[in-house]
Amino acid sequence: QCSSTCFSFGDCCEDYSSVCGAQDPNSCSGKCGNAHNRKLPCQCNVGCEKYKNCCKDYASTCKASGSGSGRPSTSGAGRPSTSGSNTNGVSDAELVNLFEGLLSKDTNNVADLLILNTGCTTRVGNPRDCSTHPLFSSVDTSIFRKPIYRKLRAVYDNYNEDVTVVEDRTRTERQEEDAFLDEVMQSTTMKTALDFLKSKKLFNKSNTEFKKFIGELWFALYSRGNRILGSSGFEHVFLGEKKAGKVQGFHNWVYFYHLENLKKVNYLGHWEAKKLGFKGTGLSFTFKWGDEQKPYASMLIGTSPEFELALYTTCLLAR
């Protein structure tokens, strides 16, 4: 056969790749050292051994030639290696200084407009509800008149938490994503993060290309099983997902508050609450979303959406 599906069924014509210019998605041929690509079934970079998603010929094709250890490109959605304190030439101290600076100037930080009731201390995965009150004791709803929070909440109904359901991403939904990204990109926080990435040569393209890269990194759909395009980085981190009866992701306080208001999540208790000065709280806790419990949850509370996107994106590229 001479179609893109022939690789999956093993019935390609011998000259399919050379004549049609197609690459086998299950092979590392021509892909050694490429950035992580969520759309591919396997990877061919140094990080694949850590994440156990290497193509079957990674060792013979890439490791044998020494070509699988290059730094991932910033032209697509990469998942760089997390090993070492100076990966890509950026030290941990430089990252700490950057993030502390971003936090101190986080103009849409609303930690002072929230009152938390962290309740009891518990252990990881304890199903007993020892915190009878909601996590959010008081929230100044003027927060949600700020453009960044209003545009964040506008995308909530675009997603289905079940990863076995295909996400459709309609034109209207893409426009809502774009409006949210425009707000993020014009923030001082993200501009400062981009300046840092350029100074470290972790991203060398234009601001327009950076927005395109951020959009692909966070909003492009990928499969968590059976080739169903039911997930995205944004949905996983900023909302949350369910797969096989387990809660996955769910690391954003705004969405937790949103579902707590709807009585769809139940805060059970915590084991660590670290104050970020007057700029928020880092919370490690457990909760139930419907019938499913997340044994170990963590999130920053009070920080802005643009701060978290800048933080996570920088970490992905630097580590």
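Note on the chain: with charges restricted to the Cβ of Lys and Arg (+1) and Asp and Glu (-1), its dipole about the Cα centre is near 520 debye. Computed extension length for Lys274-Ser298: 7.5 nm, one decimal, from 0.36 nm per residue of separation with the Cα-Cα distance subtracted. For Gln248, the residues whose amide H sits under 5 Å from its own are Glu241, Lys242, Lys243, ignoring neighbours fewer than 5 places away on the same chain, with H placed 1.01 Å from N. Got a sec? Which residues in the range 119-138 would a label at Ser284 touch, if it sits 7 Å along Cα→Cβ and we count backbone N under 15 Å? Counting backbone N atoms under 15 Å from the label point, the list is 121-126. Between 0 and 90 degrees, the angle of helix 188-199 with respect to the longest Cα principal axis of the chain falls at about 40 degrees. Taken one residue at a time, the phi angles of the range 143-150 give Karplus couplings (6.51, -1.76, 1.60, θ = phi - 60°) of 3, 7, 8, 5, x, 5, 6, 5 Hz. Gly and Pro are set to x. The residue among Phe144, Val163, Thr192 whose Cα reaches farthest toward the positive pole of the charge dipole of the range 120-236, with charges on the beta-carbon of Lys, Arg, Asp and Glu, is Thr192.
Cβ-Cβ distance of Ser206 and Cys130, R₀ of 45 Å, FRET efficiency by 1/(1 + (r/R0)^6): the value works out to about 0.30. Once Cα extents along the principal axes in Å is calculated for the structure shown, the corresponding label among (1) 66, 44, 39; (2) 114, 44, 37; (3) 91, 53, 50 turns out to be (1).
Compared with the dominant principal axis of the Cα atoms in the chain, helix 92-104 is inclined by about 50°. On a 0 to 90 degree scale, rounded to 10, what angle separates helix 171-185 from the longest Cα axis of the chain? Helix 171-185 sits at roughly 70 degrees to that axis.
If you take the charge dipole of the chain about its Cα centre, with +1 on Lys and Arg Cβ and -1 on Asp and Glu Cβ, which of Cys32, Cys120, Thr208 is farthest toward its positive end? Ranked along the dipole, the leading option is Cys120. Note that the range 125-138 has calculated 3J(HN,Hα) couplings of x, 5, x, 6, 8, 9, 10, 7, 9, x, 5, 8, 7, 8 Hz, one per residue in order, obtained from phi through the Karplus relation 6.51 cos²θ - 1.76 cosθ + 1.60 (θ = phi - 60°); glycine and proline are x. The listed peptides 231-240, 152-161, 295-304, ordered by packing as a protection proxy, come out as 231-240, 295-304, 152-161 (highest mean of other Cβ atoms within 10 Å first). What you get for the range 252-296, charging only the Cβ of Lys and Arg (+1) and of Asp and Glu (-1), is a dipole of about 180 debye around the Cα centre. Just the protein heavy atoms count here, and of the accessible area of the chain at 1.4 Å, carbon and sulfur take up 49 percent. Cross-link pairs exceeding 21 Å in C-alpha to C-alpha distance, out of Lys50/Lys198; Lys52/Lys243; Lys243/Lys275; Lys31/Lys63; Lys105/Lys191; Lys105/Lys279, comprise Lys50/Lys198; Lys243/Lys275. Probing with 1.4 Å while keeping every protein chain in the model, the per residue accessible area of the range 197-319 equals 40 Å².
The values are calculated or read from the model by the stated rules, or taken from the named source; none is laboratory data. All values derive from a computational prediction rather than experimental measurement. With ideal geometry, Cβ positions are generated from the backbone for all residues, glycine too; neighbour counts draw on all protein chains shown. The accessibility values were calculated without ligands, DNA or RNA, using every heavy atom of the protein model including side chains. Shrake-Rupley method; radii C 1.70, N 1.55, O 1.52, S 1.80 Å.
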